[in-house]
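Q: I have a structure here, written as C-alpha cells, and I will follow up with some questions on it.
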Amino acid sequence: MNDNMKNNKVTPSLLLAAVLALGAGGALAQAKEPLPLSGPAFENADQAYKAYQQGDYDRAIALSREAIRLRPDVPRLRKLLADAQRAKRGGRAPAARVARQQGPTKVLRPVAPAGKPHDPAFLAADAAYKAYDRKDYGAAVTQAQEATRLAPTNRAYWLLLVNSLIAADRLQEADQALNQGLQAAGDDASLRTQRESIRRAMAQAAGTAMYRALEAGNLPAATSSARAAVQLAPENPAYRLILIEVLLRSEQFAEAERLASESVALLPDSVVPLAMRGYARQRQGRWPEAKADFDRALQQRGLSAAQQRNLRLVAADSALAAREPQRAIELLQGLPDSDAAVAQRRAAAARLTVRVSAQVPPLTSSSFPPPGLDCGAAESALTCALLPGQAGRDPAFEVASQAYRALEAKDYPLAADKAAQAVAISPGNRDYQLLLLDAQLGAGRLADAQQAATAALALEPGDAALLAQRGSIRKRLGDEAGAAEDFNAALATGRLAPAAEVGALADLGRKSEARNRFAQYQADGQLRGTSDLDLAYLAARVGDDESARALFASADAAGKLPDSALQDSAYSSLRAGKDGEAVNYFKRTIDAADSLKLKLEPQMLFDTRRAVADITREGGIIASLMYRGGGTVVSGFGATRNEVGNRSAQVGVEAYWRPFGYQNGRYVELFARGFETLYSQAGGATGGDSLQTALGVRWKPLSTQNLVLSLSRVFSKGADDDWLAQAGYSLDLGTDLRVDVDNWWTTRVAAEAGHYFQAKQDYGLASVMVGKSYRLSGDGKTVAYPHAVVAAEYNSLLPSDKLSVAAGPGVSLRRWFREDKYAAPRSYIDFSLDYRFRLAGDERAKGLFFTSLVSY
C-alpha cells in the first residue's frame with residue numbers, strides 16, 4: 001500500500017472512508033433512500049449548504065468535502081461539492097431553493113391519528129423523534145419500541161424504530177425489527193427500502209472491523225470480517241478486491257484466485273484483479289498462467305503514468321521471484337532512475353543475472369510480498385489503485401536504497417560502503433549481503449566479495465548459484481582447492497541452472513564433460529532464453545571456440561555486443577582460426593579506448609596493439625652480426641662445418657613467410673637463410689668458402705608455448721649437403737616493450753637441439769638471462785637490459801669436452817620501431833655484449849660475445 005502503510009497495513013481512517021464509498025457505489029443504483037444523515041456528517045452538510053447560500057464557496061467546498069469523507073454514500077453531497085466548485089469558477093450557481101431542497105433529511109415526524117392527539121403510541125413515537133433529533137439514539141430506540149408495541153400495525157413507527165437502531169449502530173437489531181415490522185404491519189415499500197440500507201450498513205461495519213483487525217495484525221479476524229462484507233454486499237466488487245488482498249496476505253491462494261477470477265469478470269477494464277490473480281497463481285506454482293495474467297494487465301489501455309508505474313513494479317517483482325531477471329529489466333525500461341523503488345528492482349535484476357543467469361528454472365512458488373491496494377481515491381472513483389508489494393522495512397532500508405542507486409550508477413565504491421552499512425544494521429538480511437557482494441565485485445575487491453558470499457551462504461547454505469559464484473571468486477583469488485570445493489558442492493545440489501552447471505564443470509577442468517553438456521542443453525532448448533552474448537562466453541569457457549565465435553558475431557550483428565566484449569570476441573575468433581575477424585575486433589577495441597567509450601589500462605591497450613602486430617605479420621627478415629670468443633655452434637643455424645677457433649665473427653640473414661597466416665600462434669613458416677664467417681682467429685674458412693645456406697620449413701604446434709620444430713636442407717661449400725632437424729623452445733618474461741612502467745624484470749630462457757642426418761652430428765644450445773629492463777627517456781622506444789647470463793653448448797663431434805658451460809654479466813640495448821595506431825612496434829634493432837667465464841668443459845663458451853640483430 002502507500003508509504004505510510006507499514007507492512008501493507010491499512011490506515012483505518014482512510015480505508016474506512018474508502019469502504020464506505022465502495023459500499024455505497026455498489027448499492028446506489030438500487031437504493032431509493034440513503035441512510036439518514038446524522039452526527040458530524042449532518043452538521044458539516046448543513047453548514048455547507050448555508051455557506052453555499054451565502055456565496056462563501058470556499059467554505060462550502062471545504063465543508064462538503066468533509067461531509068463526503070464522513071458519508072460518501074450520499075450522492076447529493078457530491079452534487080453540492082460540484083455546484084460549489086462550479087460557482088467558484090464563475091459558473092452559474094443553482095438556485096438556493098433547489099440546493100436546500102436537496103439538503104440533509106431527517107427522520108419524518110410521526111403524525112397523530114385523527115381525533116387522538118393524546119394517543120399513547122403517538123406520544124411514544126413523538127418522544128422517540130425528539131430523542132433522535134437531539135442524537136440520543138438509545139432513548140429514541142426505547143420510545144420507538146414502545147410505540148410499535150402499542151401500535152404494531154403502524155408502519156411509520158416501525159420505520160422510526162429501524163432508523164433509530166441504525167443510527168445507534170445496532171444493525172442486527174434493526175434487521176430483526178424490520179422483519180417484525182413487515183410481519184406485523186404488512187409489506188411496505190418504505191420498509192423494504194430500509195433492508196438495503198441495513199445491509200449496506202452491516203457491510204460497512206464488517207469493513208470497519210476488518211481494517212481494525214488488519215491494523216492489529218489479526219489476519220484470521222480480518223479475513224472473517226472481509227468475507228462477511230462480501231456476503232452482505234456481493235454485488236460490490238470493491239469488497240471482493242479487499243478480501244482478495246487479505247486472502248493473499250493470509251496465503252489462502254486458491255480462494256484468492258477464485259474471487260479474483262470473479263472480479264476479472266465484474267471489472268473487465270481493471271488491472272487490479274488480473275494482477276492479484278497472477279500473484280495467486282504464481283504462488284501456487286503456475287508461473288505460465290501467472291505471466292499471462294500480468295501480460296494481459298500490461299496490455300490494458302488508458303492507464304495513467306502512476307498506474308503504469310505501479311503495475312510494472314508489481315510485474316517486475318513477479319519476474320524477479322520467478323528468477324527471470326531479463327523480463328524484470330524489460331518491464332522497468334523507461335521508468336525514471338531517480339525512483340528508488342525502480343532502482344532497487346533494477347539492481348536486484350542485475351544481481352540475479354550475475355548470480356544465476358537467465359536459465360535458472362522459475363521458482364514459481366517463491367514467497368514475495370503480494371500487491372497492495374490504495375483506496376485513497378475511492379470517494380470519487382469508486383475503485384482502488386494497485387500498489388507494488390512492500391516487505392516490512394527494516395532500519396537499514398534507507399541506506400540500502402542508497403546502495404542500490406549507487407550500484408545502478410556504477411559507483412561501486414559508494415555502493416559497497418552503503419551496502420556494508422546496511423549489513424551492519426541488518427546482518428540477517430540476505431538481500432543486503434548479496435547487494436554487498438555485487439558492489440564488492442564491481443569495485444574489484446575480490447577478498448571482500450568472498451567474505452560477503454560466505455556471509456550470505458551462512459544464511460542459506462544450500463544456494464547452489466551462490467556456491468558456484470563464490471567458487472569463481474576463489475578461483476580468481478588463486479584458491480583452487482576452495483574453488484573446487486564450492487563447484488563440487490554446487491553441482492551436488494542438483495539445482496544449478498544449465499548454464500551455471502556447464503560453467504562449474506568447465507571451471508573444475510572437466511572441459512570435455514562441460515562441452516558435452518553445453519551441446520546437449522543447446523540441442524534440448526534448455527539454453528534458449530540465454531542471450532547470445534552469455535552463450536558466447538559459456539562456449540568460450542568450455543573450449544568450443546567456433547560456437548563462441550559465431551555467437552559473438554550474432555550478438556554483434558544484433559547490436560548487443562558491448563565494447564567491453566570486443567577483446568573477448570577477438571580472442572574467440574583468433575582461437576577459431578579467423579585472423580581477419582580477430583584483427584577487426586582488436587581494432588574496434590582500440591577505437592573504443594581512444595574515444596573513451598572503453599576504459600583500458602595503458603599496458604592492456606599496448607598488448608592489444610601487440611596482438612594486431614603479431615596476427616598481421618605475414619613474414620619478415622632477420623639479420624645478425626656476431627662476434628664470439630670461440631665455439632662451433634650458432635643459434636638457429638646449427639653447428640659450423642669447420643673449426644673456427646677461439647675467436648670468430650659471423651654474419652647471417654634469414655627471410656621467412658607464413659603461408660597460412662597466424663593461426664592462433666600455431667603457424668607454419670617457410671624460410672631461407674645464409675651464414676658465413678667473416679673472421680677466424682684459427683685460420684678457418686671465411687667469406688664465400690664458409691658460406692652455408694638452408695631452405696626449410698618450421699612449425700609452431702602450440703598456441704601457448706613457444707616450441708618450434710624445423711626441418712631444412714643445408715648446403716655448404718666444400719662439404720656434403722645434409723638434412724638438419726631442429727627443435728627449439730624459449731620462454732620470454734618481460735621481453736616486450738612496457739608502457740606502464742619505466743623498469744621491469746626480464747627473463748629469457750632458450751634451448752635448441754639439432755641433428756645432422758648425413759654427418760651424424762648432434763648439437764645443443766641453452767641459455768638463461770636474468771636482469772632488469774629500463775625504458776630510456778625520449779619517446780620510450782629504447783630499452784637497456786643489464787643482465788646475468790648462463791650458457792651451455794653441446795657438440796657430439798668434438799673428441800672431448802663435448803659440453804661447455806660459462807656464465808657472466810652482459811648488457812643489451814634494443815630500439816623498437818615501425819608502429820602505427822593499431823599495431824605495436826613490429827621491428828627492432830638489438831645490440832648485446834656479454835663476457836662469460838668458464839664454469840665447465842673447454843673454453844669455447846668463454847670470452848667476449850657481441851651480437852647485433854635486426855628483426856624486421
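Q: Suppose we filter the range 460-483 for residues that are part of a helix (DSSP H, G or I) and in contact (Cβ under 8 Å) with a residue 24 or more places away in the chain; how many remain? Spell out the reasoning first.
A: Our first condition is that a residue be part of a helix (DSSP H, G or I); within the range 460-483, this holds for 464-476, 480-483.
Now restrict to residues that are in contact (Cβ under 8 Å) with a residue 24 or more places away in the chain: 464-469, 471-476, 483.
Looking only at that region, the number is 13.
Q: Do you know which residues across the range 139-153 are buried (at least 21 other Cβ atoms within 10 Å of the Cβ) and in contact (Cβ under 8 Å) with a residue 24 or more places away in the chain? Please lay out each step first, then the result.
A: If we filter the range 139-153 for residues that are buried (at least 21 other Cβ atoms within 10 Å of the Cβ), which is where we start, we get 140-141, 143-144, 147-148, 151.
A140, V141, A147, T148, A151, listed by residue number.
Q: Need at least 3 residues that are small (G, A, S) and crowded, with 19+ Cβ neighbours inside 10 Å per element, so show me which helices (runs of 4 or more DSSP H) inside the range 393-456 make the cut, counting only ones lying wholly within it. Break it down stepwise before answering.
A: Values: elements: 397-408, 412-425, 430-442.
Answer list for the range 393-456: 397-408, 412-425.
Q: So which residues in the range 518-531 are surrounded by 19 or more Cβ atoms within 10 Å (Cβ to Cβ) and of a type outside the set (A, V, I, L, M, F, W, C)? Don't jump to the end; show me each part of the working.
A: Step one: of the range 518-531, the residues surrounded by 19 or more Cβ atoms within 10 Å (Cβ to Cβ) are 518, 521-522, 527, 530.
Within the range 518-531, Y521, Q522, T530 meet the criteria.
Q: Just checking, how many residues over the range 259-281 are out of contact with any Leu (no Cβ under 7 Å at 6 or more places or on another chain) and over 16 Å from P370 (Cβ atoms)? Full working, then the answer.
A: So in the range 259-281, the residues out of contact with any Leu (no Cβ under 7 Å at 6 or more places or on another chain) come out as 260-262, 265-270, 274, 277-278, 281.
Subset that is over 16 Å from P370 (Cβ atoms): 261-262, 265-270.
Within the range 259-281, residues that are out of contact with any Leu (no Cβ under 7 Å at 6 or more places or on another chain) and over 16 Å from P370 (Cβ atoms) number 8.
Q: Test each condition in (1) surrounded by fewer than 19 Cβ atoms within 10 Å (Cβ to Cβ); (2) in a helix (DSSP H, G or I) for R301 and report the one that comes out false.
A: It is condition (2) that R301 fails.
Q: Sort out for me the strands (runs of 3 or more DSSP E) sitting completely within the range 765-856 that have 3 or more residues that are at pLDDT 95 or above and in the same structural domain as S730 (by TED's automatic domain parsing).
A: Numbers: elements: 782-795, 803-817, 827-840, 847-855.
Once the strands (runs of 3 or more DSSP E) in the range 765-856 are filtered for at least 3 residues that are at pLDDT 95 or above and in the same structural domain as S730 (by TED's automatic domain parsing), what remains is 782-795, 803-817, 827-840.
Let's see how each residue does on (1) in contact (Cβ under 8 Å) with a residue 12 or more places away in the chain; (2) within 20 Å of L535 (Cα to Cα); (3) surrounded by 21 or more Cβ atoms within 10 Å (Cβ to Cβ):
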| site | (1), (2), (3) |
| --- | --- |
| S572 | yes, yes, yes |
| A582 | yes, yes, yes |
| R588 | yes, no, no |
| S595 | no, no, no |
| L600 | no, no, no |
| F606 | yes, no, no |
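Q: Just give me the residues in the range 496-517 being in a helix (DSSP H, G or I) and surrounded by fewer than 17 Cβ atoms within 10 Å (Cβ to Cβ), in sequence order. Even if it seems obvious, please write down each step before you answer.
A: Residues of the range 496-517 that are in a helix (DSSP H, G or I), as a first pass: 498-507, 511-517.
Correct list: K511, S512, E513, N516.
Q: Now for a different question. Being free of Cβ contacts under 8 Å to residues at least 40 places away in the same chain, among the aliphatic types (A, V, I, L, M), surrounded by 15 or more Cβ atoms within 10 Å (Cβ to Cβ) and closer than 30 Å to D607 by Cβ narrows it down to one residue among V768, V790; which is it?
A: V768
Q: Filter the range 261-286 for residues that are aliphatic (A, V, I, L, M) and at pLDDT 90 or above; which is surrounded by the most Cβ atoms within 10 Å (Cβ to Cβ)?
A: Within the range 261-286, the match that is surrounded by the most Cβ atoms within 10 Å (Cβ to Cβ) is M276.
The values are calculated or read from the model by the stated rules, or taken from the named source; none is laboratory data. Note that this is a predicted model, so its numbers are computed, not measured. We place every Cβ from the backbone using ideal geometry, glycine too, and count neighbours over all the protein chains shown.
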